[in-house]
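All remarks here apply to the structure that follows.
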Amino acid sequence: VYGVTVASVGSSGVLVSFMDQSSAEEIGQMRRDFVANVSHELKTPLTALLGFIETLRGPARNDDKVRDRFLEIMEREASRMNRLVRDLLSLSRVEAEERIPPAEHVDMGQLLNTVCNSLAPVAENKGTSIRLDVAGDVAVTGDRDQLMQVFTNLIENAVKYGGDGDVDVQVTMLPRDPAVRGAAVLIAVKDHGQGIDPIHIPRLTERFYRIDSHRSREMGGTGLGLAIVKHIVNRHRGRLRIESVLGQGSTFSIILPAA
Ligand code: ADP
(Lines give C-alpha, C1' and ligand atoms only; values in the text may rest on other atoms or scores of the structure.)
Protein backbone atom coordinates (compact mmCIF):
# COMPACT_ATOMS: atom_id res chain seq x y z
CA VAL A 1 0.00 0.00 0.00
CA TYR A 2 1.46 3.28 -1.04
CA GLY A 3 0.54 6.41 0.81
CA VAL A 4 -0.57 8.24 -2.26
CA THR A 5 -0.37 11.98 -1.97
CA VAL A 6 -2.66 13.55 -4.49
CA ALA A 7 -2.46 17.28 -4.86
CA SER A 8 -4.28 19.49 -7.30
CA VAL A 9 -2.12 21.26 -9.84
CA GLY A 10 -4.04 24.04 -11.52
CA SER A 11 -7.53 23.12 -12.66
CA SER A 12 -6.81 19.83 -14.36
CA GLY A 13 -3.67 18.38 -12.88
CA VAL A 14 -3.12 15.77 -10.27
CA LEU A 15 0.28 15.29 -8.71
CA VAL A 16 0.73 11.78 -7.42
CA SER A 17 3.57 10.80 -5.14
CA PHE A 18 4.05 7.50 -3.39
CA MET A 19 5.39 6.42 -0.06
CA ASP A 20 5.33 2.79 1.01
CA GLN A 21 3.28 2.49 4.20
CA SER A 22 2.21 -1.14 4.11
CA SER A 23 1.77 -3.25 7.21
CA ALA A 24 2.76 -6.94 7.23
CA GLU A 25 -0.88 -7.93 6.90
CA GLU A 26 -1.41 -5.62 3.94
CA ILE A 27 1.73 -6.95 2.27
CA GLY A 28 0.38 -10.50 2.67
CA GLN A 29 -2.94 -9.49 1.10
CA MET A 30 -1.20 -7.65 -1.74
CA ARG A 31 0.89 -10.71 -2.46
CA ARG A 32 -2.19 -12.92 -2.61
CA ASP A 33 -4.00 -10.44 -4.88
CA PHE A 34 -0.95 -10.25 -7.11
CA VAL A 35 -0.68 -14.03 -7.46
CA ALA A 36 -4.42 -14.23 -8.20
CA ASN A 37 -4.10 -11.50 -10.85
CA VAL A 38 -1.07 -13.06 -12.50
CA SER A 39 -2.75 -16.47 -12.56
CA HIS A 40 -5.85 -14.99 -14.13
CA GLU A 41 -3.86 -13.05 -16.72
CA LEU A 42 -1.91 -16.18 -17.71
CA LYS A 43 -4.89 -18.49 -17.59
CA THR A 44 -6.93 -16.56 -20.18
CA PRO A 45 -4.49 -16.96 -23.10
CA LEU A 46 -3.56 -20.46 -21.95
CA THR A 47 -7.19 -21.60 -22.00
CA ALA A 48 -7.59 -20.12 -25.48
CA LEU A 49 -4.45 -21.91 -26.68
CA LEU A 50 -5.56 -25.26 -25.30
CA GLY A 51 -9.00 -24.83 -26.88
CA PHE A 52 -7.55 -24.09 -30.29
CA ILE A 53 -5.09 -26.98 -30.08
CA GLU A 54 -7.96 -29.32 -29.34
CA THR A 55 -9.99 -28.01 -32.28
CA LEU A 56 -7.00 -28.25 -34.59
CA ARG A 57 -6.56 -31.88 -33.60
CA GLY A 58 -10.21 -32.57 -34.41
CA PRO A 59 -12.62 -31.00 -36.88
CA ALA A 60 -10.33 -28.23 -38.19
CA ARG A 61 -7.45 -30.57 -39.00
CA ASN A 62 -8.02 -30.67 -42.75
CA ASP A 63 -9.37 -27.19 -43.37
CA ASP A 64 -6.47 -24.98 -44.49
CA LYS A 65 -8.36 -21.72 -44.06
CA VAL A 66 -9.58 -22.46 -40.53
CA ARG A 67 -6.18 -23.80 -39.56
CA ASP A 68 -4.43 -20.61 -40.67
CA ARG A 69 -6.89 -18.43 -38.83
CA PHE A 70 -6.54 -20.48 -35.65
CA LEU A 71 -2.75 -20.44 -35.86
CA GLU A 72 -2.86 -16.67 -36.15
CA ILE A 73 -4.98 -16.40 -33.00
CA MET A 74 -2.72 -18.86 -31.19
CA GLU A 75 0.30 -16.79 -32.10
CA ARG A 76 -1.38 -13.68 -30.75
CA GLU A 77 -2.28 -15.38 -27.46
CA ALA A 78 1.25 -16.80 -27.06
CA SER A 79 2.72 -13.34 -27.71
CA ARG A 80 0.45 -11.95 -25.04
CA MET A 81 1.77 -14.47 -22.52
CA ASN A 82 5.28 -13.62 -23.63
CA ARG A 83 4.75 -9.89 -23.02
CA LEU A 84 3.20 -10.58 -19.65
CA VAL A 85 6.14 -12.72 -18.52
CA ARG A 86 8.60 -10.10 -19.84
CA ASP A 87 6.83 -7.33 -17.86
CA LEU A 88 6.60 -9.48 -14.72
CA LEU A 89 10.34 -10.11 -14.87
CA SER A 90 10.96 -6.39 -15.42
CA LEU A 91 8.76 -5.49 -12.48
CA SER A 92 10.49 -7.92 -10.15
CA ARG A 93 13.90 -6.64 -11.27
CA VAL A 94 13.05 -2.97 -10.78
CA GLU A 95 11.50 -3.71 -7.39
CA ALA A 96 14.64 -5.55 -6.30
CA GLU A 97 16.84 -2.64 -7.38
CA GLU A 98 14.66 0.12 -5.98
CA ARG A 99 16.93 0.78 -3.00
CA ILE A 100 20.19 0.80 -4.95
CA PRO A 101 21.01 4.38 -6.02
CA PRO A 102 21.66 4.59 -9.77
CA ALA A 103 25.09 5.92 -10.78
CA GLU A 104 25.38 6.47 -14.54
CA HIS A 105 25.63 9.90 -16.14
CA VAL A 106 22.71 9.98 -18.56
CA ASP A 107 22.26 12.59 -21.27
CA MET A 108 18.47 12.88 -21.41
CA GLY A 109 18.37 14.49 -24.87
CA GLN A 110 20.28 11.59 -26.35
CA LEU A 111 18.25 8.99 -24.48
CA LEU A 112 14.91 10.46 -25.55
CA ASN A 113 16.09 10.77 -29.12
CA THR A 114 16.82 7.04 -29.15
CA VAL A 115 13.44 6.17 -27.60
CA CYS A 116 11.48 8.47 -29.95
CA ASN A 117 13.29 7.08 -33.01
CA SER A 118 12.60 3.51 -32.00
CA LEU A 119 8.89 4.25 -31.48
CA ALA A 120 8.50 6.36 -34.64
CA PRO A 121 7.37 3.37 -36.76
CA VAL A 122 4.66 2.51 -34.19
CA ALA A 123 3.33 6.08 -34.39
CA GLU A 124 3.63 6.06 -38.19
CA ASN A 125 1.49 2.94 -38.34
CA LYS A 126 -1.28 4.95 -36.71
CA GLY A 127 -0.73 7.93 -38.98
CA THR A 128 0.68 10.05 -36.15
CA SER A 129 4.13 11.25 -35.18
CA ILE A 130 6.25 11.92 -32.11
CA ARG A 131 7.78 15.39 -31.71
CA LEU A 132 10.77 15.82 -29.42
CA ASP A 133 11.83 19.19 -28.06
CA VAL A 134 14.90 19.33 -25.81
CA ALA A 135 15.88 22.66 -24.25
CA GLY A 136 19.70 22.62 -24.04
CA ASP A 137 21.97 20.12 -22.32
CA VAL A 138 20.15 18.11 -19.69
CA ALA A 139 21.61 15.21 -17.76
CA VAL A 140 20.69 13.12 -14.75
CA THR A 141 22.45 10.56 -12.62
CA GLY A 142 20.49 7.44 -13.36
CA ASP A 143 20.19 3.95 -14.74
CA ARG A 144 20.16 4.30 -18.52
CA ASP A 145 18.31 1.06 -19.30
CA GLN A 146 15.65 1.71 -16.70
CA LEU A 147 15.12 5.30 -17.87
CA MET A 148 14.78 3.99 -21.43
CA GLN A 149 12.07 1.71 -20.13
CA VAL A 150 10.24 4.56 -18.37
CA PHE A 151 10.05 6.71 -21.48
CA THR A 152 9.35 3.79 -23.79
CA ASN A 153 6.34 2.91 -21.62
CA LEU A 154 5.06 6.50 -21.40
CA ILE A 155 5.53 7.34 -25.08
CA GLU A 156 4.10 3.98 -26.17
CA ASN A 157 1.03 4.66 -24.01
CA ALA A 158 0.69 8.16 -25.46
CA VAL A 159 0.73 6.69 -28.96
CA LYS A 160 -1.63 3.83 -28.01
CA TYR A 161 -4.20 5.88 -26.12
CA GLY A 162 -3.62 9.19 -27.88
CA GLY A 163 -6.12 8.75 -30.70
CA ASP A 164 -5.24 10.41 -33.99
CA GLY A 165 -3.18 13.20 -32.46
CA ASP A 166 0.58 13.57 -32.42
CA VAL A 167 2.63 13.05 -29.27
CA ASP A 168 4.81 15.83 -27.87
CA VAL A 169 7.82 15.06 -25.73
CA GLN A 170 9.33 18.10 -24.06
CA VAL A 171 12.45 18.26 -21.93
CA THR A 172 13.11 21.32 -19.80
CA MET A 173 15.50 22.24 -17.04
CA LEU A 174 13.99 23.58 -13.80
CA PRO A 175 16.49 25.65 -11.78
CA ARG A 176 14.70 24.62 -8.61
CA ASP A 177 11.89 22.19 -8.04
CA PRO A 178 10.36 21.64 -4.60
CA ALA A 179 9.47 18.02 -5.39
CA VAL A 180 13.12 17.03 -5.76
CA ARG A 181 14.53 19.85 -3.59
CA GLY A 182 16.92 21.27 -6.15
CA ALA A 183 17.62 21.59 -9.85
CA ALA A 184 15.51 19.20 -11.85
CA VAL A 185 14.86 17.88 -15.31
CA LEU A 186 11.23 17.82 -16.38
CA ILE A 187 10.24 15.42 -19.14
CA ALA A 188 6.64 15.82 -20.28
CA VAL A 189 4.93 13.32 -22.57
CA LYS A 190 1.76 14.88 -23.94
CA ASP A 191 -0.92 13.22 -26.01
CA HIS A 192 -4.10 14.58 -27.56
CA GLY A 193 -6.29 11.57 -26.90
CA GLN A 194 -9.52 11.12 -24.99
CA GLY A 195 -8.02 11.97 -21.61
CA ILE A 196 -8.47 10.21 -18.27
CA ASP A 197 -11.27 10.66 -15.75
CA PRO A 198 -9.68 12.09 -12.54
CA ILE A 199 -11.07 9.22 -10.43
CA HIS A 200 -8.70 6.80 -12.19
CA ILE A 201 -5.54 8.88 -11.95
CA PRO A 202 -4.35 7.94 -8.44
CA ARG A 203 -4.75 4.22 -9.26
CA LEU A 204 -3.08 4.08 -12.69
CA THR A 205 0.27 2.90 -11.31
CA GLU A 206 -1.26 -0.10 -9.51
CA ARG A 207 -0.33 -3.41 -11.07
CA PHE A 208 -2.96 -4.58 -13.54
CA TYR A 209 -5.11 -1.46 -13.08
CA ARG A 210 -6.63 -0.55 -16.43
CA ILE A 211 -9.41 1.87 -17.26
CA ASP A 212 -10.68 -0.37 -20.03
CA SER A 213 -9.26 -3.90 -19.78
CA HIS A 214 -10.61 -4.98 -23.13
CA ARG A 215 -9.06 -2.00 -24.92
CA SER A 216 -5.74 -2.39 -23.12
CA ARG A 217 -5.53 -6.08 -24.08
CA GLU A 218 -6.54 -5.35 -27.67
CA MET A 219 -3.61 -2.95 -27.84
CA GLY A 220 -1.22 -5.51 -26.43
CA GLY A 221 -1.07 -3.98 -22.93
CA THR A 222 -0.25 -5.98 -19.82
CA GLY A 223 -1.41 -3.44 -17.22
CA LEU A 224 2.10 -3.38 -15.71
CA GLY A 225 3.74 -0.53 -17.64
CA LEU A 226 2.97 2.29 -15.22
CA ALA A 227 3.71 0.10 -12.16
CA ILE A 228 7.20 -0.43 -13.63
CA VAL A 229 7.50 3.33 -14.27
CA LYS A 230 6.59 4.09 -10.65
CA HIS A 231 9.32 1.85 -9.19
CA ILE A 232 12.00 3.21 -11.52
CA VAL A 233 11.04 6.82 -10.79
CA ASN A 234 11.14 6.10 -7.05
CA ARG A 235 14.61 4.62 -7.41
CA HIS A 236 15.71 7.85 -9.10
CA ARG A 237 14.13 9.95 -6.33
CA GLY A 238 11.92 11.51 -8.94
CA ARG A 239 8.23 12.27 -9.22
CA LEU A 240 5.50 11.26 -11.62
CA ARG A 241 2.82 13.82 -12.41
CA ILE A 242 -0.30 12.93 -14.35
CA GLU A 243 -2.46 15.71 -15.76
CA SER A 244 -5.45 15.13 -17.94
CA VAL A 245 -8.42 16.90 -19.42
CA LEU A 246 -11.24 14.69 -20.68
CA GLY A 247 -11.65 15.02 -24.41
CA GLN A 248 -8.35 16.87 -24.80
CA GLY A 249 -5.57 14.55 -23.74
CA SER A 250 -3.11 13.70 -21.00
CA THR A 251 0.37 14.69 -19.95
CA PHE A 252 2.57 12.29 -18.02
CA SER A 253 5.54 14.20 -16.59
CA ILE A 254 8.60 12.87 -14.87
CA ILE A 255 10.66 15.17 -12.67
CA LEU A 256 14.17 13.92 -11.95
CA PRO A 257 16.94 15.56 -9.91
CA ALA A 258 19.44 17.10 -12.36
CA ALA A 259 22.98 15.66 -12.45
P1 ADP B 1 -1.36 -1.07 -20.24
O2 ADP B 1 -0.43 -2.18 -20.55
O3 ADP B 1 -2.77 -1.50 -20.02
O4 ADP B 1 -1.22 0.09 -21.18
P5 ADP B 1 -0.19 0.68 -18.18
O6 ADP B 1 0.22 0.33 -16.79
O7 ADP B 1 0.85 1.21 -19.09
O8 ADP B 1 -0.89 -0.62 -18.76
O9 ADP B 1 -1.38 1.73 -18.09
C10 ADP B 1 -2.48 1.45 -17.23
C11 ADP B 1 -3.76 2.05 -17.80
O12 ADP B 1 -3.66 3.48 -17.77
C13 ADP B 1 -4.03 1.69 -19.25
O14 ADP B 1 -4.70 0.47 -19.36
C15 ADP B 1 -4.90 2.86 -19.70
O16 ADP B 1 -6.24 2.60 -19.32
C17 ADP B 1 -4.40 4.04 -18.85
N18 ADP B 1 -3.48 4.93 -19.60
C19 ADP B 1 -2.13 4.91 -19.59
N20 ADP B 1 -1.62 5.89 -20.35
C21 ADP B 1 -2.67 6.57 -20.86
C22 ADP B 1 -2.81 7.71 -21.74
N23 ADP B 1 -1.76 8.34 -22.25
N24 ADP B 1 -4.09 8.12 -22.03
C25 ADP B 1 -5.17 7.48 -21.53
N26 ADP B 1 -5.10 6.42 -20.70
C27 ADP B 1 -3.88 5.95 -20.38
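Residue count for the stretch 216-232 satisfying the condition of being assigned to a helix (DSSP H, G or I) and either open to solvent by less than 50 Å² (accessible area, probe 1.4 Å) or touching a helix residue (DSSP H, G or I) at 6+ places or on another chain (Cβ under 9 Å) (or both): 10.
Yes/no per residue for (1) part of a helix (DSSP H, G or I); (2) within 12 Å of the ligand (Cβ to nearest atom); (3) within 22 Å of MET81 (Cα to Cα):
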residue: VAL171; (1), (2), (3): no, no, no
residue: ILE187; (1), (2), (3): no, no, no
residue: PHE208; (1), (2), (3): no, yes, yes
residue: HIS214; (1), (2), (3): yes, yes, yes
residue: ASN234; (1), (2), (3): yes, no, no
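Residue count for the stretch 22-48 under the criterion of being surrounded by 13 or more Cβ atoms within 10 Å (Cβ to Cβ) and hydrophobic (A, V, I, L, M, F, W, C): the result is 6.
Taking VAL171 as the residue in question, decide whether it is open to solvent by less than 30 Å² (accessible area, probe 1.4 Å), touching a residue at least 12 places away in the same chain (Cβ under 8 Å) and within 28 Å of HIS214 (Cβ to Cβ). Against the criterion (open to solvent by less than 30 Å² (accessible area, probe 1.4 Å), touching a residue at least 12 places away in the same chain (Cβ under 8 Å) and within 28 Å of HIS214 (Cβ to Cβ)), VAL171 does not qualify. None of VAL180, VAL159 is touching a residue at least 40 places away in the same chain (Cβ under 8 Å), over 20 Å from the mean Cα position of the chain (by Cα) and crowded, with 17+ Cβ neighbours inside 10 Å except VAL180. If LEU240 meets every condition in (1) of a type outside the set (Ser, Thr, Tyr); (2) within 11 Å of the ligand (Cβ to nearest atom); (3) touching a helix residue (DSSP H, G or I) at 6+ places or on another chain (Cβ under 6 Å) apart from one, which number is that one? Answer for LEU240: the failing condition is (2). On the stretch given as the stretch 121-160, residues that are under 30 Å from GLU218 (Cβ atoms) and assigned to a helix (DSSP H, G or I) total 21. When you check ARG69 against the structure, is it more than 26 Å from GLY223 (Cβ to Cβ) and not in a helix (DSSP H, G or I), yes or no? Criteria not met by ARG69. In this structure, LEU89 qualifies as modelled with pLDDT of 95 or more, of a type outside the set (D, E, K, R) and either farther than 30 Å from HIS231 by Cβ or open to solvent by 90 Å² or more (accessible area, probe 1.4 Å) (or both).
Restricting the first residue to the stretch 53-79 and requiring it to be modelled with pLDDT of 90 or more, which pairs with a second residue that is assigned to a helix (DSSP H, G or I) and open to solvent by 40 Å² or more (accessible area, probe 1.4 Å) meet a Cβ separation below 6 Å and a spacing of at least six or different chains? Hits for this filter: PHE70/PHE52; MET74/PHE52.
Does GLN194 count as free of Cβ contacts under 8 Å to residues at least 60 places away in the same chain and either more than 10 Å from the ligand (Cβ to nearest atom) or in contact with a Cys (Cβ under 9 Å, 6 or more places away or on another chain) (or both)? No: the conditions fail for GLN194. Scanning the stretch 99-108 for residues that are farther than 8 Å from GLY142 by Cβ and surrounded by fewer than 17 Cβ atoms within 10 Å (Cβ to Cβ) gives ARG99, ILE100, PRO101, ALA103, HIS105, ASP107.
The values are calculated or read from the model by the stated rules, or taken from the named source; none is laboratory data. Everything numeric here is computed off the predicted structure, so don't read it as measured data. With ideal geometry, Cβ positions are generated from the backbone for all residues, glycine too; neighbour counts draw on all protein chains shown. What goes into the accessible areas is simple: the full protein's heavy atoms, side chains included, and nothing from ligands, DNA or RNA. Shrake-Rupley method; radii C 1.70, N 1.55, O 1.52, S 1.80 Å.
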